[in-house]
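Reading through the structure tokens given below for one structure.
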Amino acid sequence: LLLLPAGAVAALTLRSRPWTLDAQLAVIGSAGFAIWSAMSIRWATAPDLAWLATNRAVLACAALLAGIGLGRALTRAPQRFVVGLALAIAPVLAWALASRVVPEVLAPVVDRARLANPLHYANALALLAVFAIPGAASLLARGGRSTTAGASLLAAALATLALTQSRSGVLVAV
């Protein structure tokens, strides 16, 4: 949570890189939604739920500002993001594949044909595998010592995607 204000300050104060139009429109839309949610507290049938929606909208706007700020402050931010996301997903993919290797330890008693562990939802696991593919490909393309990590991560993502038998996951991957 401490990164959110720091990223927002960076987004608003860094002058080295100009704001793109899509970033400006995203922040305006996000802030507008947060303001609308706050105004809806007055007429909502459940003001407590409208208050929670407002809190979520403000947090989403702050996260957007933080992401824009980090993107403006860091070099090669998109590549760093996809690699970081893939590395964050790697333990989930390892657990999922290991649940097929040692199901007595990592999988529930009921074994399904579709790979769904540890999330217990095959389509969500497939989506995580799809999210790991660009980062794995980026590591693979880098060369050097990261080639092995990229190839391993790409193989794990594709194997997990195949074992989930998720048609929507394959469609998103394509």
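Could you list all residues from region 19-55 that are free of Cβ contacts under 8 Å to residues at least 12 places away in the same chain and under 20 Å from the mean Cα position of the chain (by Cα)?
Once the filter is applied, which keeps residues that are free of Cβ contacts under 8 Å to residues at least 12 places away in the same chain and under 20 Å from the mean Cα position of the chain (by Cα), region 19-55 yields only D22.
When the residues of region 134-148 are filtered to those that are among the small types (G, A, S) and open to solvent by less than 50 Å² (accessible area, probe 1.4 Å), which remaining residue is nearest to S99 (Cα to Cα)? I'd like the intermediate steps shown before the answer.
First, the residues of region 134-148 that are among the small types (G, A, S): 135-138, 141, 143-144, 146.
Those left that are additionally open to solvent by less than 50 Å² (accessible area, probe 1.4 Å): 135-138, 143, 146.
Working: G135: 23, A136: 22, A137: 25, S138: 27, G143: 31, S146: 26 Å.
Checking each candidate, the answer is A136.
Among the listed residues A38, A88, which satisfies the condition of being surrounded by 15 or more Cβ atoms within 10 Å (Cβ to Cβ) and out of contact with any strand residue (DSSP E or B) (no Cβ under 9 Å at 6 or more places or on another chain)? Can you show your working first?
Working: A88 fails: surrounded by 15 or more Cβ atoms within 10 Å (Cβ to Cβ).
One residue alone meets the criteria, A38.
Of L139, L125, L161, which residue is within 21 Å of R76 (Cβ to Cβ), part of a helix (DSSP H, G or I) and of a type in the set (A, V, I, L, M, F, W, C)? Even if it seems obvious, please write down each step before you answer.
Details: L125 fails: within 21 Å of R76 (Cβ to Cβ); L161 fails: within 21 Å of R76 (Cβ to Cβ).
Every option except L139 fails the conditions.
Pick out the one residue from P78, P108 that is modelled with pLDDT under 85, of a type outside the set (A, V, I, L, M), out of contact with any strand residue (DSSP E or B) (no Cβ under 7 Å at 6 or more places or on another chain) and closer than 28 Å to A66 by Cα. Working first, answer last.
On the way: P108 fails: closer than 28 Å to A66 by Cα.
P78 is the lone residue from the list that is modelled with pLDDT under 85, of a type outside the set (A, V, I, L, M), out of contact with any strand residue (DSSP E or B) (no Cβ under 7 Å at 6 or more places or on another chain) and closer than 28 Å to A66 by Cα.
Could you identify the single residue in F81, F131, F33 that is within 14 Å of A157 (Cα to Cα), open to solvent by 20 Å² or more (accessible area, probe 1.4 Å) and out of contact with any Gly (no Cβ under 6 Å at 6 or more places or on another chain)? Before you say what the answer is, go through the steps one by one.
Values: F81 fails: within 14 Å of A157 (Cα to Cα); F33 fails: within 14 Å of A157 (Cα to Cα).
When all the criteria are applied, what remains is F131.
The values are calculated or read from the model by the stated rules, or taken from the named source; none is laboratory data. Values in this document were obtained by computation on a predicted structure and should not be read as measured data. Here Cβ is always computed from backbone atoms with ideal geometry, including for glycine, and neighbour counts include all displayed protein chains. With ligands, DNA and RNA removed, areas are computed over all heavy atoms of the protein, side chains included. Shrake-Rupley method; radii C 1.70, N 1.55, O 1.52, S 1.80 Å.
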